[in-house]
Amino acid sequence: MAQNTRQSFLSGGDGSSVKLAWPIIFLGLVAPAFAAEDAARQDGFDWLTKMANASRRLNYSGTFVYQHSDRIETSRIVHFVNPAGGEFEKLETLDGPAREVIRTNDQVTCYLPDAKTVTIEKRSTRRFPVQLPEQLSGVADNYSVSITGMDRVAGYDCQVIVLEPKDKLRYGHQFCAETRSGLPLRARTLSEKNQLLESFAFTELKLGGNFSRDQVRSRYAAKSRDWKVDHSALVLSDVPADTGWTLTRQPAGFRKLTELKRSISGRTVMVSHIVYSDGLAAVSVFIEPLPKTRPAQSLSHQGAVNIYVRPVADHMVTVVGETPAATVMQIANSLEFRGGRGK
Amino acid sequence: MDKISQWMDGELGGHETREQLTRVKQDAELHHCWGLFHLIGDVMRGERALSQEFEQRVAARLASEPAVLAPRHRVVSHFATYALSAAASVSAAALVGWLAFFNNPLVPQPELTQAPTTPAPAIVPSEQLASVPSDGKMNEYLIAHQEFSPSTEIQGLAPYIRGVSSSRQVEGR
């Protein structure tokens with residue numbers, strides 16, 4: 001689309017009217033979808049749901065590779081669900097500085113052996129189990145979902161599911177889900193130029209197995225007794241709230257998912273947190289009082305996540321999202337305080 | 001530089017246009033300016049696809065442009081609405097800063113509605129904002145965000161994986 005606009009501009013066409021007209025024509029052509037396409041899409045949705053459920057309910061342990069920019073990092077993960085209740089997870093880095101994260105339901109303990117520090121935090125993990133059909137309707141509006149074939153990852157056959165974005169406000173995604181269980185064995189995020197931004201993939205995996213507490217116990221459990229313990233994030237809290245902030249130009253396809261006031265580790269005041277989502281990608285807006293030194297505008301990234309910081313009057317606005325930087329910046333730049341109840 | 005903005009405003013004839021095209025093709029700095037001016041134009045028209053590949057795309061487009069340029073200048077004249085001639089004589093850095101501040105002229109600036117008594121200083125970055133790899137300082141936000149991210153959920157990965165990764169980068173330096 002942008003190519004068209006650009007071309008028409010350089011070749012003298014009226015860029016603005018072309019920009020408006022093209023999506024309408026384009027949608028008109030695509031709208032009468034074939035029944036076969038509908039079925040394929042439904043299959044795609046079924047797979048998405050299956051993947052989200054599998055990773056929460058299955059027992060598995062394996063090694064996976066997280067690749068972003070030109071970095072490759074290997075970690076080991078163990079995930080167990082206690083039939084009597086409780087979800088346990090252990091994540092351990094295999095290269096670089098040692099890090100170990102143990103999650104027991106919503107309590108996350110992070111061991112940092114080099115700093116001889118343990119941080120214990122309360123995290124509301126997995127707050128949004130894929131909510132059907134509302135969430136998937138967002139996905140359908142903003143992505144073309146298709147099942148493209150089979151592949152093999154970590155020795156398992158898997159189904160490839162492709163989500164192609166319908167515009168430039170979001171990235172493309174490709175999953176490979178283990179054929180029987182639906183466990184995602186590989187997840188890739190692709191830029192608008194189809195370049196790999198980030199990828200998670202298992203290289204070795206054991207599916208199933210019985211729950212064993214030992215497997216999700218820290219290897220530093222004994223050693224860490226005299227380490228420094230940081231509890232500061234144990235009392236993190238959040239409450240739904242009307243923050244008073246709103247977007248004047250909400251990016252197409254994004255809806256407000258939630259709005260709350262929360263504590264953030266290392267901050268003394270409550271931070272306003274608003275989340276927008278297109279069904280798959282999410283963008284968070286954090287608003288808090290300016291720190292002592294006024295921050296400069298800054299844009300950074302971590303894999304497929306872009307982070308934009310911008311001072312707005314006496315507030316610092318931080319926008320974080322797994323979308324193109326332009327989407328994150330549009331949200332940050334159209335944020336407005338409409339006054340009224342507390343900020 | 002002046003000639004380029006005139007060109008973009010459609011004020012040059014066919015011969016001069018060809019001349020400028022050759023200059024832009026040969027001079028890397030001019031080439032950069034040309035890309036920047038179009039970027040500015042895009043931003044001002046509200047097309048904010050501020051992609052990093054923009055310059056390359058313009059260059060590619062430029063390379064593939066046919067040599068027949070004569071009818072072009074008339075139609076591009078809508079560009080003049082944005083007073084780029086004047087703007088082009090300002091240093092590019094200041095201009096981009098100005099644009100950052102007036103990013104969205106149709107919308108009341110939060111600075112004004114929020115704190116009328118102490119207007120905030122304009123945000124004037126010295127150059128176009130380039131994205132840098134996260135240094136771990138944003139971890140708290142990253143993790144807080146991922147609690148709500150459906151794609152993280154579907155990937156089935158611990159919401160803290162990216163945080164662990166970026167803290168690792170800091171330590172690893």
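The values are calculated or read from the model by the stated rules, or taken from the named source; none is laboratory data. Small disclaimer: the values here were computed from a predicted structure and weren't measured. Cβ: placed from backbone, ideal geometry, glycine included. Neighbour counts: every protein chain shown.
Here are the numbers for this structure:
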read-out: Boolean, A:Glu178 is in contact with a His (Cβ under 8 Å, 6 or more places away or on another chain) and crowded, with 21+ Cβ neighbours inside 10 Å; value: no
read-out: Residues within region A:312-330 that are more than 7 Å from chain B (Cβ to nearest Cβ) and either among the aliphatic types (A, V, I, L, M) or more than 21 Å from B:Thr152 (Cα to Cα) (or both), tallied; value: 6
read-out: Subset of region A:307-323 [part of a loop (DSSP other than H, G, I, E, B) and surrounded by fewer than 24 Cβ atoms within 10 Å (Cβ to Cβ)]; value: A:Ala313, A:Asp314
read-out: Of residues in region A:48-64 being small (Gly, Ala, Ser) and part of a helix (DSSP H, G or I), the one surrounded by the fewest Cβ atoms within 10 Å (Cβ to Cβ); value: A:Ala54
read-out: Qualifying positions in region A:75-94 - among the charged types (D, E, K, R) and either buried (at least 19 other Cβ atoms within 10 Å of the Cβ) or out of contact with any helix residue (DSSP H, G or I) (no Cβ under 8 Å at 6 or more places or on another chain) (or both); value: A:Arg76, A:Glu89, A:Lys90, A:Glu92
read-out: Extreme residue, nearest to A:Ser284 (Cα to Cα), among residues of region A:295-305 that are within 7 Å of chain B (Cβ to nearest Cβ) and part of a strand (DSSP E or B); value: A:Val305
read-out: Residue pairs meeting the criteria (Cβ under 7 Å; at least 6 apart or on separate chains; first basic (Lys, Arg), in region A:284-301; second surrounded by 12 or more Cβ atoms within 10 Å (Cβ to Cβ)); value: A:Arg294/A:Pro311
read-out: Qualifying positions in region A:252-301 - more than 30 Å from A:Ser144 (Cα to Cα) and among the aliphatic types (A, V, I, L, M); value: A:Leu260, A:Ile264, A:Val269, A:Met270, A:Val271, A:Ile287, A:Leu290, A:Ala296
read-out: Subset of region A:87-105 (residues that are at the interface with chain B (Cβ under 10 Å from one of its Cβ atoms) and not small (Gly, Ala, Ser)); value: A:Glu89, A:Lys90, A:Leu91, A:Glu92, A:Thr93, A:Asp95, A:Pro97, A:Arg99, A:Glu100, A:Val101, A:Arg103
read-out: Residue tally, condition within 11 Å of another protein chain (Cβ to nearest Cβ), more than 27 Å from B:Ser134 (Cβ to Cβ) and at pLDDT below 85, over region A:58-86; value: 0
